[in-house]
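Please read the structure below before turning to the comments.
The values are calculated or read from the model by the stated rules, or taken from the named source; none is laboratory data. In this text, all values refer to a predicted model and were calculated from it rather than measured experimentally. Here the Cβ is made from the backbone with ideal geometry for all residues, glycine too, and neighbour counts use every protein chain on show.
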There are 2 protein chains.
Amino acid sequence: MPKIVDHEARRRLIADALLRIASRDGLDAVSLREVAAEAGVSMGMVQHYFATKDQMLMFALTQLNARIGERVAGAMDAPSPRAFLRAAILELLPLDDERRSESRIGLAYLARSVVADELADLLRQALPYVIGFYAEQIRAAQELGQVHADLDPRIEAVILYTMAQGLVNPALIGHLSPEDVAATVDYHLDRLFLTSG
Amino acid sequence: MPKIVDHEARRRLIADALLRIASRDGLDAVSLREVAAEAGVSMGMVQHYFATKDQMLMFALTQLNARIGERVAGAMDAPSPRAFLRAAILELLPLDDERRSESRIGLAYLARSVVADELADLLRQALPYVIGFYAEQIRAAQELGQVHADLDPRIEAVILYTMAQGLVNPALIGHLSPEDVAATVDYHLDRLFLTSG
DNA sequence: CATTTTACGATGCGGGTGCATTGTAATCGC
DNA sequence: GCGATTACAATGCACCCGCATCGTAAAATG
(Lines give C-alpha, C1' and ligand atoms only; values in the text may rest on other atoms or scores of the structure.)
Protein backbone atom coordinates (compact mmCIF):
# COMPACT_ATOMS: atom_id res chain seq x y z
CA MET A 1 0.00 0.00 0.00
CA PRO A 2 1.25 3.42 -1.03
CA LYS A 3 1.23 6.97 0.16
CA ILE A 4 -0.19 6.94 3.67
CA VAL A 5 -3.10 9.43 3.89
CA ASP A 6 -5.95 9.84 6.34
CA HIS A 7 -8.86 8.82 4.19
CA GLU A 8 -11.57 10.16 6.48
CA ALA A 9 -9.78 13.44 7.05
CA ARG A 10 -9.69 14.03 3.31
CA ARG A 11 -13.36 13.28 3.01
CA ARG A 12 -14.13 15.70 5.79
CA LEU A 13 -11.96 18.36 4.17
CA ILE A 14 -13.96 18.02 0.97
CA ALA A 15 -17.32 17.84 2.75
CA ASP A 16 -16.52 21.01 4.69
CA ALA A 17 -15.80 22.83 1.47
CA LEU A 18 -19.10 21.59 0.07
CA LEU A 19 -20.99 22.82 3.12
CA ARG A 20 -19.37 26.25 2.86
CA ILE A 21 -20.53 26.55 -0.73
CA ALA A 22 -24.02 25.28 0.11
CA SER A 23 -24.28 27.81 2.93
CA ARG A 24 -22.99 30.69 0.83
CA ASP A 25 -24.66 30.07 -2.53
CA GLY A 26 -27.05 27.16 -2.06
CA LEU A 27 -26.96 23.51 -3.06
CA ASP A 28 -27.40 24.49 -6.71
CA ALA A 29 -23.97 26.07 -6.65
CA VAL A 30 -22.35 22.83 -5.53
CA SER A 31 -20.44 21.27 -8.42
CA LEU A 32 -17.40 19.04 -8.47
CA ARG A 33 -15.26 21.86 -9.82
CA GLU A 34 -16.57 24.37 -7.32
CA VAL A 35 -16.02 22.04 -4.37
CA ALA A 36 -12.51 21.23 -5.53
CA ALA A 37 -11.67 24.91 -5.86
CA GLU A 38 -13.15 25.75 -2.45
CA ALA A 39 -11.19 22.94 -0.82
CA GLY A 40 -8.05 23.97 -2.68
CA VAL A 41 -7.60 20.58 -4.29
CA SER A 42 -7.94 19.13 -7.76
CA MET A 43 -11.13 17.84 -9.19
CA GLY A 44 -9.49 14.48 -9.64
CA MET A 45 -8.96 14.21 -5.92
CA VAL A 46 -12.61 14.94 -5.20
CA GLN A 47 -13.55 12.19 -7.58
CA HIS A 48 -11.04 9.88 -5.94
CA TYR A 49 -12.80 10.19 -2.58
CA PHE A 50 -16.38 10.28 -3.82
CA ALA A 51 -17.55 8.09 -6.66
CA THR A 52 -20.56 10.29 -7.41
CA LYS A 53 -21.80 13.73 -6.53
CA ASP A 54 -24.78 12.27 -4.70
CA GLN A 55 -22.54 10.28 -2.40
CA MET A 56 -20.60 13.44 -1.67
CA LEU A 57 -23.80 15.33 -0.87
CA MET A 58 -24.99 12.57 1.45
CA PHE A 59 -21.68 12.36 3.26
CA ALA A 60 -21.63 16.12 3.76
CA LEU A 61 -25.08 15.96 5.32
CA THR A 62 -24.12 13.23 7.77
CA GLN A 63 -21.12 15.39 8.56
CA LEU A 64 -23.40 18.33 9.31
CA ASN A 65 -25.78 16.20 11.36
CA ALA A 66 -22.90 14.85 13.41
CA ARG A 67 -21.71 18.37 14.11
CA ILE A 68 -25.14 19.46 15.33
CA GLY A 69 -25.71 16.21 17.17
CA GLU A 70 -22.55 16.75 19.18
CA ARG A 71 -23.70 20.17 20.27
CA VAL A 72 -27.11 18.86 21.31
CA ALA A 73 -25.45 16.03 23.19
CA GLY A 74 -23.36 18.66 24.95
CA ALA A 75 -26.56 20.19 26.31
CA MET A 76 -27.77 16.88 27.74
CA ASP A 77 -26.49 17.64 31.20
CA ALA A 78 -29.05 20.41 31.56
CA PRO A 79 -30.53 20.69 35.07
CA SER A 80 -34.13 20.05 33.97
CA PRO A 81 -36.13 18.68 31.06
CA ARG A 82 -37.21 22.18 30.21
CA ALA A 83 -33.67 23.52 30.16
CA PHE A 84 -32.56 20.65 27.99
CA LEU A 85 -35.44 21.02 25.55
CA ARG A 86 -34.81 24.72 25.31
CA ALA A 87 -31.13 24.21 24.62
CA ALA A 88 -31.74 21.42 22.13
CA ILE A 89 -34.23 23.47 20.16
CA LEU A 90 -32.23 26.69 20.16
CA GLU A 91 -29.32 24.64 18.86
CA LEU A 92 -31.28 24.07 15.66
CA LEU A 93 -32.25 27.69 15.11
CA PRO A 94 -30.32 30.41 13.27
CA LEU A 95 -29.43 32.53 16.29
CA ASP A 96 -25.80 33.19 15.42
CA ASP A 97 -23.61 33.04 12.33
CA GLU A 98 -22.64 29.42 12.81
CA ARG A 99 -26.17 28.16 13.26
CA ARG A 100 -27.44 30.54 10.63
CA SER A 101 -25.11 28.89 8.19
CA GLU A 102 -26.24 25.44 9.27
CA SER A 103 -29.88 26.42 8.94
CA ARG A 104 -29.35 27.62 5.40
CA ILE A 105 -27.77 24.31 4.49
CA GLY A 106 -30.38 22.31 6.36
CA LEU A 107 -33.22 24.03 4.57
CA ALA A 108 -31.64 23.33 1.21
CA TYR A 109 -31.31 19.64 2.03
CA LEU A 110 -34.86 19.59 3.40
CA ALA A 111 -36.23 20.86 0.11
CA ARG A 112 -34.09 18.42 -1.81
CA SER A 113 -35.49 15.54 0.22
CA VAL A 114 -38.77 16.04 -1.61
CA VAL A 115 -37.25 14.82 -4.87
CA ALA A 116 -34.24 12.80 -3.63
CA ASP A 117 -35.38 9.47 -2.26
CA GLU A 118 -32.25 8.49 -0.34
CA LEU A 119 -32.34 11.88 1.36
CA ALA A 120 -36.00 11.41 2.27
CA ASP A 121 -35.12 8.00 3.70
CA LEU A 122 -32.45 9.52 5.88
CA LEU A 123 -34.81 12.18 7.23
CA ARG A 124 -37.56 9.64 7.73
CA GLN A 125 -35.18 7.63 9.88
CA ALA A 126 -33.93 10.62 11.84
CA LEU A 127 -37.33 12.13 12.64
CA PRO A 128 -38.68 9.49 15.04
CA TYR A 129 -35.40 9.65 16.92
CA VAL A 130 -35.50 13.41 17.40
CA ILE A 131 -39.20 13.63 18.18
CA GLY A 132 -38.97 10.60 20.44
CA PHE A 133 -36.25 12.35 22.35
CA TYR A 134 -38.41 15.40 22.87
CA ALA A 135 -41.34 13.23 23.92
CA GLU A 136 -39.16 11.45 26.45
CA GLN A 137 -38.17 14.73 28.04
CA ILE A 138 -41.78 15.86 28.24
CA ARG A 139 -42.77 12.56 29.81
CA ALA A 140 -39.98 12.90 32.34
CA ALA A 141 -41.18 16.39 33.15
CA GLN A 142 -44.69 15.06 33.69
CA GLU A 143 -43.37 12.60 36.24
CA LEU A 144 -41.60 15.45 37.96
CA GLY A 145 -44.86 17.37 38.03
CA GLN A 146 -43.47 20.06 35.74
CA VAL A 147 -45.88 19.44 32.89
CA HIS A 148 -49.63 18.85 33.11
CA ALA A 149 -50.26 15.12 33.19
CA ASP A 150 -53.10 15.24 30.67
CA LEU A 151 -50.96 16.58 27.83
CA ASP A 152 -49.88 14.14 25.12
CA PRO A 153 -46.06 13.98 25.14
CA ARG A 154 -45.91 12.60 21.62
CA ILE A 155 -48.00 15.34 20.03
CA GLU A 156 -46.41 18.04 22.15
CA ALA A 157 -43.05 16.79 20.87
CA VAL A 158 -44.25 16.98 17.28
CA ILE A 159 -45.50 20.52 17.82
CA LEU A 160 -42.25 21.50 19.44
CA TYR A 161 -40.26 20.13 16.54
CA THR A 162 -42.46 21.57 13.81
CA MET A 163 -42.54 24.97 15.46
CA ALA A 164 -38.75 24.98 15.53
CA GLN A 165 -38.52 23.95 11.88
CA GLY A 166 -41.09 26.55 10.91
CA LEU A 167 -39.14 29.26 12.68
CA VAL A 168 -36.09 28.69 10.50
CA ASN A 169 -37.17 30.45 7.36
CA PRO A 170 -38.78 33.53 8.96
CA ALA A 171 -35.58 33.90 10.96
CA LEU A 172 -33.34 33.42 7.93
CA ILE A 173 -35.06 35.99 5.76
CA GLY A 174 -35.05 38.46 8.61
CA HIS A 175 -38.73 38.56 9.47
CA LEU A 176 -37.92 37.42 13.01
CA SER A 177 -34.86 38.58 14.90
CA PRO A 178 -32.84 36.12 16.99
CA GLU A 179 -34.50 37.68 20.02
CA ASP A 180 -37.95 37.14 18.52
CA VAL A 181 -37.10 33.51 17.86
CA ALA A 182 -35.84 32.88 21.39
CA ALA A 183 -38.84 34.71 22.85
CA THR A 184 -41.23 32.60 20.79
CA VAL A 185 -39.60 29.38 21.96
CA ASP A 186 -39.70 30.54 25.58
CA TYR A 187 -43.30 31.63 25.23
CA HIS A 188 -44.22 28.18 23.98
CA LEU A 189 -42.27 26.46 26.75
CA ASP A 190 -44.02 28.68 29.28
CA ARG A 191 -47.33 27.32 28.04
CA LEU A 192 -46.05 23.77 28.10
CA PHE A 193 -44.34 23.76 31.48
CA LEU A 194 -45.78 24.60 34.89
CA THR A 195 -42.48 25.84 36.29
CA SER A 196 -39.86 28.04 34.71
CA GLY A 197 -37.00 25.89 35.98
CA MET B 1 -51.30 45.30 -33.89
CA PRO B 2 -51.25 41.74 -35.11
CA LYS B 3 -52.41 38.30 -34.08
CA ILE B 4 -54.79 38.82 -31.22
CA VAL B 5 -53.76 36.55 -28.33
CA ASP B 6 -54.57 36.58 -24.64
CA HIS B 7 -51.24 37.57 -23.17
CA GLU B 8 -52.06 36.64 -19.59
CA ALA B 9 -53.62 33.35 -20.58
CA ARG B 10 -50.41 32.35 -22.33
CA ARG B 11 -48.34 33.30 -19.31
CA ARG B 12 -50.58 31.23 -17.09
CA LEU B 13 -50.33 28.32 -19.48
CA ILE B 14 -46.55 28.44 -19.26
CA ALA B 15 -46.52 29.02 -15.49
CA ASP B 16 -48.79 26.03 -14.96
CA ALA B 17 -46.40 23.85 -16.90
CA LEU B 18 -43.54 25.16 -14.78
CA LEU B 19 -45.40 24.36 -11.58
CA ARG B 20 -46.14 20.84 -12.78
CA ILE B 21 -42.45 20.24 -13.40
CA ALA B 22 -41.48 21.80 -10.07
CA SER B 23 -43.97 19.61 -8.26
CA ARG B 24 -42.92 16.46 -10.07
CA ASP B 25 -39.12 16.84 -10.24
CA GLY B 26 -38.24 19.93 -8.22
CA LEU B 27 -37.18 23.44 -9.15
CA ASP B 28 -33.83 22.11 -10.36
CA ALA B 29 -35.60 20.34 -13.18
CA VAL B 30 -37.16 23.57 -14.41
CA SER B 31 -35.44 24.71 -17.60
CA LEU B 32 -36.70 26.70 -20.55
CA ARG B 33 -36.67 23.62 -22.74
CA GLU B 34 -38.41 21.47 -20.17
CA VAL B 35 -41.13 24.06 -19.53
CA ALA B 36 -41.71 24.53 -23.23
CA ALA B 37 -42.03 20.77 -23.73
CA GLU B 38 -44.39 20.39 -20.77
CA ALA B 39 -46.58 23.22 -22.03
CA GLY B 40 -46.48 21.79 -25.54
CA VAL B 41 -45.09 24.98 -27.04
CA SER B 42 -41.80 26.06 -28.53
CA MET B 43 -38.94 27.41 -26.52
CA GLY B 44 -39.12 30.61 -28.53
CA MET B 45 -42.64 31.20 -27.27
CA VAL B 46 -41.60 30.79 -23.67
CA GLN B 47 -38.89 33.37 -24.22
CA HIS B 48 -41.40 35.64 -25.89
CA TYR B 49 -43.53 35.80 -22.75
CA PHE B 50 -40.76 35.82 -20.17
CA ALA B 51 -37.56 37.77 -20.69
CA THR B 52 -35.63 35.71 -18.16
CA LYS B 53 -36.01 32.45 -16.32
CA ASP B 54 -36.13 34.29 -12.99
CA GLN B 55 -39.11 36.35 -14.10
CA MET B 56 -40.84 33.17 -15.13
CA LEU B 57 -40.14 31.58 -11.75
CA MET B 58 -41.45 34.61 -9.90
CA PHE B 59 -44.60 34.80 -11.99
CA ALA B 60 -45.28 31.12 -11.40
CA LEU B 61 -44.99 31.66 -7.66
CA THR B 62 -47.45 34.55 -7.64
CA GLN B 63 -49.71 32.29 -9.67
CA LEU B 64 -49.43 29.59 -7.01
CA ASN B 65 -49.99 32.06 -4.19
CA ALA B 66 -53.07 33.41 -5.89
CA ARG B 67 -54.47 29.92 -6.24
CA ILE B 68 -53.96 29.18 -2.55
CA GLY B 69 -55.13 32.62 -1.51
CA GLU B 70 -58.43 32.09 -3.28
CA ARG B 71 -59.05 28.88 -1.40
CA VAL B 72 -58.24 30.50 1.93
CA ALA B 73 -60.55 33.38 1.09
CA GLY B 74 -63.22 30.81 0.35
CA ALA B 75 -62.97 29.64 3.95
CA MET B 76 -63.47 33.11 5.36
CA ASP B 77 -67.16 32.63 5.96
CA ALA B 78 -66.42 30.09 8.67
CA PRO B 79 -68.79 30.28 11.64
CA SER B 80 -66.08 31.01 14.21
CA PRO B 81 -62.47 32.23 14.46
CA ARG B 82 -61.43 28.72 15.36
CA ALA B 83 -63.16 27.17 12.37
CA PHE B 84 -61.61 29.73 10.08
CA LEU B 85 -58.12 29.29 11.48
CA ARG B 86 -58.42 25.55 11.18
CA ALA B 87 -59.55 25.77 7.58
CA ALA B 88 -56.92 28.33 6.66
CA ILE B 89 -54.11 26.24 8.12
CA LEU B 90 -55.26 22.92 6.70
CA GLU B 91 -55.41 24.65 3.34
CA LEU B 92 -51.62 25.01 3.47
CA LEU B 93 -50.88 21.43 4.44
CA PRO B 94 -50.35 18.42 2.14
CA LEU B 95 -53.54 16.57 3.01
CA ASP B 96 -54.55 15.61 -0.51
CA ASP B 97 -52.88 15.31 -3.90
CA GLU B 98 -53.54 18.90 -4.90
CA ARG B 99 -52.18 20.40 -1.70
CA ARG B 100 -49.41 17.86 -1.60
CA SER B 101 -48.27 19.11 -4.97
CA GLU B 102 -48.48 22.72 -3.81
CA SER B 103 -46.52 21.94 -0.68
CA ARG B 104 -43.74 20.35 -2.67
CA ILE B 105 -43.49 23.44 -4.83
CA GLY B 106 -43.76 25.79 -1.88
CA LEU B 107 -40.95 24.07 -0.04
CA ALA B 108 -38.71 24.33 -3.08
CA TYR B 109 -39.37 28.06 -3.35
CA LEU B 110 -38.88 28.46 0.39
CA ALA B 111 -35.41 26.95 0.19
CA ARG B 112 -34.60 29.05 -2.83
CA SER B 113 -35.53 32.20 -0.94
CA VAL B 114 -32.39 31.71 1.12
CA VAL B 115 -30.20 32.50 -1.88
CA ALA B 116 -32.60 34.45 -4.12
CA ASP B 117 -33.06 37.98 -2.84
CA GLU B 118 -36.17 38.94 -4.76
CA LEU B 119 -37.82 35.77 -3.53
CA ALA B 120 -36.84 36.54 0.05
CA ASP B 121 -38.32 40.02 -0.39
CA LEU B 122 -41.60 38.56 -1.56
CA LEU B 123 -41.82 36.21 1.41
CA ARG B 124 -40.79 38.95 3.81
CA GLN B 125 -43.70 41.01 2.54
CA ALA B 126 -46.19 38.16 2.66
CA LEU B 127 -45.35 36.94 6.16
CA PRO B 128 -46.66 39.89 8.21
CA TYR B 129 -49.88 39.73 6.25
CA VAL B 130 -50.48 36.03 6.93
CA ILE B 131 -49.42 36.12 10.56
CA GLY B 132 -51.32 39.34 11.12
CA PHE B 133 -54.41 37.62 9.82
CA TYR B 134 -54.02 34.77 12.27
CA ALA B 135 -53.40 37.22 15.11
CA GLU B 136 -56.57 39.10 14.21
CA GLN B 137 -58.61 35.94 14.42
CA ILE B 138 -57.14 35.06 17.79
CA ARG B 139 -57.83 38.56 19.07
CA ALA B 140 -61.42 38.30 17.86
CA ALA B 141 -61.76 34.97 19.64
CA GLN B 142 -60.47 36.56 22.83
CA GLU B 143 -63.18 39.18 22.65
CA LEU B 144 -65.72 36.42 22.19
CA GLY B 145 -64.30 34.71 25.26
CA GLN B 146 -63.15 31.73 23.23
CA VAL B 147 -59.45 32.21 23.93
CA HIS B 148 -57.80 33.04 27.25
CA ALA B 149 -57.35 36.79 27.50
CA ASP B 150 -53.79 36.59 28.79
CA LEU B 151 -52.41 34.85 25.71
CA ASP B 152 -50.42 36.93 23.24
CA PRO B 153 -52.25 36.88 19.89
CA ARG B 154 -49.15 37.88 17.96
CA ILE B 155 -46.92 35.13 19.32
CA GLU B 156 -49.71 32.56 19.18
CA ALA B 157 -50.12 33.49 15.53
CA VAL B 158 -46.41 33.00 14.90
CA ILE B 159 -46.48 29.61 16.60
CA LEU B 160 -49.54 28.61 14.61
CA TYR B 161 -47.85 29.57 11.38
CA THR B 162 -44.49 28.00 12.15
CA MET B 163 -46.11 24.79 13.35
CA ALA B 164 -47.99 24.56 10.07
CA GLN B 165 -44.84 25.20 8.05
CA GLY B 166 -42.91 22.68 10.10
CA LEU B 167 -45.55 20.03 9.49
CA VAL B 168 -45.07 20.22 5.75
CA ASN B 169 -41.89 18.21 5.38
CA PRO B 170 -42.71 15.42 7.85
CA ALA B 171 -46.01 15.06 6.02
CA LEU B 172 -44.40 15.09 2.59
CA ILE B 173 -41.83 12.42 3.33
CA GLY B 174 -44.48 10.26 4.91
CA HIS B 175 -43.50 10.47 8.55
CA LEU B 176 -46.90 11.90 9.39
CA SER B 177 -50.08 10.73 7.71
CA PRO B 178 -52.72 13.28 6.68
CA GLU B 179 -54.70 12.13 9.72
CA ASP B 180 -51.70 12.72 11.98
CA VAL B 181 -51.32 16.21 10.57
CA ALA B 182 -54.97 17.12 11.07
CA ALA B 183 -54.94 15.63 14.56
CA THR B 184 -51.84 17.65 15.47
CA VAL B 185 -53.47 20.87 14.28
CA ASP B 186 -56.66 20.10 16.18
CA TYR B 187 -54.70 19.20 19.29
CA HIS B 188 -52.95 22.54 19.16
CA LEU B 189 -56.20 24.41 18.57
CA ASP B 190 -57.74 22.56 21.53
CA ARG B 191 -54.99 23.98 23.70
CA LEU B 192 -55.43 27.44 22.27
CA PHE B 193 -59.21 27.69 22.34
CA LEU B 194 -61.54 27.25 25.30
CA THR B 195 -64.41 25.97 23.16
CA SER B 196 -64.42 23.47 20.34
CA GLY B 197 -66.80 25.55 18.22
C1' DC C 1 -51.69 47.41 -51.15
C1' DA C 2 -47.77 48.72 -48.17
C1' DT C 3 -45.96 49.28 -43.67
C1' DT C 4 -45.47 48.31 -39.15
C1' DT C 5 -45.92 45.59 -35.20
C1' DT C 6 -46.63 41.38 -32.83
C1' DA C 7 -45.99 36.42 -32.19
C1' DC C 8 -43.70 33.20 -32.61
C1' DG C 9 -40.12 28.99 -34.52
C1' DA C 10 -35.50 27.62 -35.35
C1' DT C 11 -30.92 27.74 -34.56
C1' DG C 12 -26.54 28.81 -32.59
C1' DC C 13 -23.20 30.22 -29.04
C1' DG C 14 -20.40 30.25 -24.98
C1' DG C 15 -20.19 28.11 -20.85
C1' DG C 16 -20.97 24.83 -17.25
C1' DT C 17 -22.09 19.99 -15.83
C1' DG C 18 -21.00 15.00 -14.03
C1' DC C 19 -18.28 11.49 -15.15
C1' DA C 20 -14.77 8.49 -17.70
C1' DT C 21 -10.24 8.01 -19.15
C1' DT C 22 -5.40 8.32 -18.97
C1' DG C 23 -0.99 9.27 -17.08
C1' DT C 24 2.18 9.47 -13.28
C1' DA C 25 4.47 9.71 -8.87
C1' DA C 26 4.87 7.51 -4.54
C1' DT C 27 5.04 3.75 -1.40
C1' DC C 28 4.25 -0.78 0.05
C1' DG C 29 5.24 -6.15 0.14
C1' DC C 30 8.49 -9.23 -1.71
C1' DG D 1 15.03 -3.67 -7.25
C1' DC D 2 10.39 -4.76 -8.82
C1' DG D 3 5.63 -5.50 -9.57
C1' DA D 4 1.45 -4.06 -7.48
C1' DT D 5 -1.42 -0.83 -5.50
C1' DT D 6 -2.84 3.68 -4.10
C1' DA D 7 -3.35 8.68 -4.68
C1' DC D 8 -3.89 11.79 -7.17
C1' DA D 9 -3.70 15.41 -11.69
C1' DA D 10 -5.08 16.46 -16.29
C1' DT D 11 -7.89 16.18 -19.90
C1' DG D 12 -11.69 14.97 -22.77
C1' DC D 13 -16.54 13.92 -23.77
C1' DA D 14 -21.32 14.18 -24.38
C1' DC D 15 -24.89 16.76 -22.72
C1' DC D 16 -27.57 20.56 -20.96
C1' DC D 17 -28.07 25.34 -19.80
C1' DG D 18 -29.90 30.44 -20.44
C1' DC D 19 -30.01 33.60 -23.72
C1' DA D 20 -29.29 36.09 -28.24
C1' DT D 21 -30.10 36.18 -32.92
C1' DC D 22 -32.50 35.64 -37.16
C1' DG D 23 -36.24 34.61 -40.03
C1' DT D 24 -41.11 34.60 -40.96
C1' DA D 25 -46.15 34.55 -40.86
C1' DA D 26 -50.14 37.09 -39.57
C1' DA D 27 -52.95 40.95 -38.58
C1' DA D 28 -53.97 45.88 -37.61
C1' DT D 29 -53.09 50.61 -39.61
C1' DG D 30 -52.35 53.95 -43.13
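Per-structure values
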{"quantity": "Any hit, the range A:156-168, residues being farther than 25 Å from B:LEU127 by Cβ and in the same structural domain as A:VAL185 (by TED's automatic domain parsing)", "calculated": "yes"}
{"quantity": "Failed item, numbered, when A:ILE21 is tested on (1) more than 9 Å from DNA strand C (Cβ to nearest atom); (2) farther than 29 Å from B:VAL30 by Cβ; (3) β-branched (Val, Ile, Thr)", "calculated": "(2)"}
{"quantity": "Meets criteria (surrounded by fewer than 20 Cβ atoms within 10 Å (Cβ to Cβ), at pLDDT 95 or above and not aromatic (Phe, Trp, Tyr)) for B:LEU127", "calculated": "yes"}
{"quantity": "Residue that is within 14 Å of DNA strand D (Cβ to nearest atom) and of a type in the set (A, V, I, L, M), where the choices are A:ALA60, A:ALA66, A:ALA36", "calculated": "A:ALA36"}
{"quantity": "Close pairs (7 angstrom Cβ cut-off, 6 or more residues apart or separate chains): closer than 23 Å to B:LEU119 by Cα and within 9 Å of another protein chain (Cβ to nearest Cβ) in the range A:17-34, away from DNA strand D (no atom under 16 Å from the Cβ) and not in a helix (DSSP H, G or I) anywhere", "calculated": "A:GLY26/B:VAL114"}
{"quantity": "Any pair with Cβ under 8 angstrom, 6 or more apart, that starts in the range B:129-147 at a residue that is among the small types (Gly, Ala, Ser) and ends at one that is not in a helix (DSSP H, G or I)", "calculated": "B:ALA141/B:SER80; B:ALA141/B:VAL147; B:ALA141/B:PHE193; B:GLY145/B:LEU194"}
{"quantity": "Elements of type helices (runs of 4 or more DSSP H) contained in the range B:89-197, each with 2 or more residues being away from chain A (no Cβ under 12 Å)", "calculated": "B:97-112, B:117-143, B:178-192"}
{"quantity": "Single match in A:ALA73, A:ALA83 (criterion: at pLDDT below 95, away from DNA strand C (no atom under 14 Å from the Cβ) and either surrounded by fewer than 14 Cβ atoms within 10 Å (Cβ to Cβ) or not hydroxyl-bearing (Ser, Thr, Tyr) (or both))", "calculated": "A:ALA73"}
